[in-house]
1. Out of all the residues in the stretch 160-177, is one or more assigned to a helix (DSSP H, G or I), among the hydroxyl-bearing types (S, T, Y) and at pLDDT 85 or above?
2. Taking the conditions exactly as written (more than 29 Å from R284 (Cα to Cα), of a type in the set (G, A, S) and modelled with pLDDT under 95), does A143 satisfy them or not?
3. Starting from residues that are more than 18 Å from S182 (Cβ to Cβ) and of a type in the set (S, T, Y), keep the ones in the stretch 198-222 and report whichever is surrounded by the most Cβ atoms within 10 Å (Cβ to Cβ).
4. Which of the residues belonging to the stretch 524-534 are outside any strand (DSSP E or B) and out of contact with any Pro (no Cβ under 9 Å at 6 or more places or on another chain)?
5. Answer with yes or no whether L585 is out of contact with any strand residue (DSSP E or B) (no Cβ under 9 Å at 6 or more places or on another chain), modelled with pLDDT of 70 or more and either crowded, with 16+ Cβ neighbours inside 10 Å or not assigned by TED's automatic domain parsing to the domain that holds G648 (or both).
6. Considering only residues that are free of Cβ contacts under 8 Å to residues at least 60 places away in the same chain and crowded, with 17+ Cβ neighbours inside 10 Å, look in the stretch 359-383 and name the one that is nearest to A503 (Cα to Cα).
7. Looking at A86, A82, A149, which one is surrounded by fewer than 15 Cβ atoms within 10 Å (Cβ to Cβ), modelled with pLDDT of 85 or more and either outside any loop (DSSP other than H, G, I, E, B) or not hydrophobic (A, V, I, L, M, F, W, C) (or both)?
Amino acid sequence: MRRARHGLLRGIALGCAALAVALGTALTLFVWHLGPLPLDTTRERSRLVIDRNGELLRAYTTSAGRWRLPVSLDRLDQRYLAMLIAYEDKRFWQHGGIDLIAAGRAAWQLVSEGRIISGASTITMQLARMLDATPTRSLRAKAMQVVRAIQLERAFTKREILELYLTLAPYGGNIEGVRAASLAYFGKEPQRLSLHEAALLVALPQSPETRRPDRNGNSSLTARNRVIARLRFSGLLTAPEADWAASQPVPNGRMPFPALAAHLADRLIAETPDAAVIRTTINRALQREAEALAASQARRLGPKLSVALIAADHATGEVIAHAASPGYLDIDRNGPIDMTRAVRSPGSALKPFIYGLAFEDRLAHPATYIEDRPVRFGDYAPKNFDDGFRGTVTVAEALQLSLNVPAVKLLAAVTPARLSGRFRHAGFPVEIPRNLSVALGGIGLTLEDLTGLYAALARGGKPVRLRFRQGEPGLDPQGRADGDAALLSSLAAWYVTEILRGAQAPDHAATGRIAFKTGTSYGYRDAWAAGYDGRHIVAAWAGRADNSSTPGLLGLTAAAPVVFDMFAAIAPRRAPFPPAPATALLARTAELPVPLQRFRDADTNRPTAQSPAETFLRIAFPPDNAEIELAQDETGKALPLAVKAEGGVLPLTWLADGAPIEAPPHRREAFWTPSGKGFSQLTVIDAEGRSERVRIRVR
């Protein structure tokens, strides 16, 4: 008997050993068959573009079209995390992937009740199911989840496992992860969630499709309130908190994901296809303000009009706001087109740089007198925007009033070739034709180009590269260190800045707080404005993206208000301008050196044997069909009216309605006193018999 018992025990032991070996072998083969953790699905996330403070600007779906935003426990509502752990896996921080207590309880309930009463799936096991995409009910699936859970616990820390779960958990449709769900259903990051919002996010992953609030509101409400009730029972929520949370509605739709700085985000994503997160220099709050300003100004201007603006810190070149259109999805205004990179005519916006070169060459000083009168350069006769002339003005007044004739005269003196060379030397590859129309906008320029040019002006003539990403080196546009190639001398830049500070601001703004200049292109196609203080630069453009004309579109009324409003958003107090350089000449006109008291431009109206001026004769003022106000003195006597001719061979003979007008023999000007109101005909005849006549109305 004893021998038999020993044999029986030996047999049982051998059987158990064999069973153990068989089970171990089967488990080993099962694990071998499963292979390593399938982590490929965890690596692809939504690509993110974030602002300078880490705030989300724009997210992109994965290649499969899913919103899967990475998440960090440190940037999650901590009470939501406590609710999730308490509801889903209260011993998560203690177990090794399998909650043996919960598993034993579930097994006892199954045996005693004959049906499943509660589950034993842990957060780690749920993550394992997501990785393998296996069903939840089969025995094999459970075995797989157990093995994978153990593998996960060995490969990752608890925090990493929880972050993976919160990144991959399904929340309905193409939404994965708690961050994407919070943005889609509540329109906010999951850093500060209300109790009812947190409870809904706890409930959704259990059955994401049947509980989607945008499709099954009643189901999502029931599931959320079940979570609230259990958390109240466990003591995590107080009775008043639970009652309030249960009384709140669930969202009935999805919100759009953030798309701030959308055009810039698209560009940066295309430039760096391998970057998962792109950190920009944009300030999210200012970006919202910039986009709102662009949209509201475009609506105010009228249908089809577009507005774009750029704001930057010119000390570093970092762009802090970039609104490329009134709305990325505004098809009526061609919103998808990035108007910060569209080449357009800058109008008068380049005049400050012409004046700056003239100051450098000591051809002029802000207090220098210059003539704003009709003039011709060969076959080019510039006119002011209003077709009028101001006579003798200071150079500062000419720039503040954006007079065309003085700007063309100064450009003729400094030459377009020198302006072009200076731009290239400073790193701005702007194509400048070799003609004087450049002074009035006869070139192509982008808003980014203009921002860079005015940033250099604000920095005392030193160019800086506009930067959109954090960590980019501060270089000028050609890649050299800041200040290696000046756009203007510091003295010339200071003179220009002082003049632009005195320019008349829009009606709603105060003059003198920023230095600014406007521009309007030919045919009212483009309106520009750029302004700066001691720290920031803002440039704006308005017009139609299809380059159509918009009668009445002006830089001062269409673009300048955006610049001033953006400055108000950047900082209520302006950064101070730099002090005057030691070499600055602070003097009135009469106190200047004699050569600087009056700009001495060539007499382009005096023909020579080789001059093409001999071949034409025209009346420059008054123009044909003009209406002229009759000027009178205090006694009511009519005052003389200046008449001006261009070209021809001196002396000139003037006639008014056939009667001679007394005129100096060697001048192209004469003074005519109208006999009264009504229509008159003026005629001029040169020494070779050429004649020109105009008909005017005196009123």
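1. Of the residues in the stretch 160-177, the ones assigned to a helix (DSSP H, G or I) are 160-168.
Subset that is among the hydroxyl-bearing types (S, T, Y): 165, 167.
From what's left, at pLDDT 85 or above: 165, 167.
Scanning the stretch 160-177 turns up at least one residue that is assigned to a helix (DSSP H, G or I), among the hydroxyl-bearing types (S, T, Y) and at pLDDT 85 or above.
2. Yes, satisfied.
3. Applying the filter and picking the extreme gives S219.
4. Taking the stretch 524-534 first, the residues outside any strand (DSSP E or B) are 524-525, 533-534.
Answer for the stretch 524-534, where residues must be outside any strand (DSSP E or B) and out of contact with any Pro (no Cβ under 9 Å at 6 or more places or on another chain): just R525.
5. The answer is yes for L585.
6. D372
7. Numbers: A86 fails: surrounded by fewer than 15 Cβ atoms within 10 Å (Cβ to Cβ); A149 fails: surrounded by fewer than 15 Cβ atoms within 10 Å (Cβ to Cβ).
None of the other options fit; the residue is A82.
Per-residue answers, yes or no, for (1) free of Cβ contacts under 8 Å to residues at least 40 places away in the same chain; (2) in contact with a helix residue (DSSP H, G or I) (Cβ under 9 Å, 6 or more places away or on another chain); (3) of a type outside the set (D, E); (4) buried (at least 19 other Cβ atoms within 10 Å of the Cβ):
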{"residue": "S521", "(1), (2), (3), (4)": "no, yes, yes, yes"}
{"residue": "A530", "(1), (2), (3), (4)": "no, yes, yes, yes"}
{"residue": "R535", "(1), (2), (3), (4)": "no, yes, yes, no"}
{"residue": "R544", "(1), (2), (3), (4)": "no, yes, yes, yes"}
{"residue": "L556", "(1), (2), (3), (4)": "no, no, yes, yes"}
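The values are calculated or read from the model by the stated rules, or taken from the named source; none is laboratory data. Because the structure is a prediction, the values reported are computed rather than measured. Here Cβ is always computed from backbone atoms with ideal geometry, including for glycine, and neighbour counts include all displayed protein chains.
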